[in-house]
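The values are calculated or read from the model by the stated rules, or taken from the named source; none is laboratory data. Note that the structure is predicted; figures quoted are calculated from it, not measured. Using ideal geometry, Cβ is built from the backbone for each residue, glycine included, and neighbour counts are taken over all protein chains shown. Accessible surface areas use protein heavy atoms only, side chains included; no ligands, DNA or RNA. Shrake-Rupley method; radii C 1.70, N 1.55, O 1.52, S 1.80 Å.
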Amino acid sequence: QVQLVESGGGLVQTGGSLRLSCAASGRDSSTTTIGWFRQTPGKEREFVAAMAKTGGLTAYVDAVEGRFTISKHNAKNTVHLQMTSLTPENTAVYYCAAALGPGRNHRKYKFWGQGTQVTVSS
């Protein structure tokens, strides 16, 4: 079983930056991909970014390409999402998740964290 815990959310002004972290623990011999998703009330969970756990391959939704960066710290078993040039449209609950294979569909992701709120004020 894999446990994921997000941290780093908060309130930031337009143009500001935040770094989200996702700490993984537990026995995991099956997942290959770590992703970040976000969700606002009344909307479906949206893909933001993902990376292969072995490193190298990354993917981003077009809206954040060039502003968000997903990375991992192997020694700490942690994945980060560095977010820059934030706008109010980025306000959401951000979740990290682990999947058995690559993909952008949230239904492919088996393990989820509890989420962390990101609020960008105008």
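Can you pull the percent of the chain's accessible area that's carbon plus sulfur, 1.4 Å probe, other chains left in place?
Reported share for carbon and sulfur atoms: 51 percent.
Report the extension gain between A52 and R27 in nm, rounded to one decimal, defined as 0.36 nm multiplied by the number of residues separating them, less their alpha carbon distance.
7.2 nm is the gain from fully extending A52 to R27.
If the label point is 7 Å along Cα→Cβ of K43, which residues in the range 49-72 have backbone nitrogen under 12 Å from it?
Those under the cut-off are 63-64.
Based on Cβ point charges of +1 for Lys and Arg and -1 for Asp and Glu, what charge dipole magnitude is obtained for the chain about its Cα centre, in debye rounded to the nearest 20?
Working: 13 positive and 7 negative charges, 70 e Å.
Rounded to the nearest 20 debye, it is 340 debye.
Taking only the alpha-carbon atoms of the chain, what semi-axes of the equivalent ellipsoid follow from 5 times the gyration tensor eigenvalues under a square root, in whole Å, largest first?
Equivalent-ellipsoid dimensions as semi-axes: 23, 14, 14 Å.
Do you know the relative contact order of the range 27-122, to the nearest whole percent, from alpha carbon pairs under 8 angstrom that are 6+ apart?
30
What accessible area per residue comes out for the chain, rounded to a whole number of Å², with a 1.4 Å probe?
Dividing the accessible area of the chain by its residue count gives 53 Å².
What aspartates and glutamates does K110 reach when the alpha-carbon gap must be under 15 Å and sequence neighbours fewer than 8 apart in one chain are set aside?
Correct list for K110: D28.
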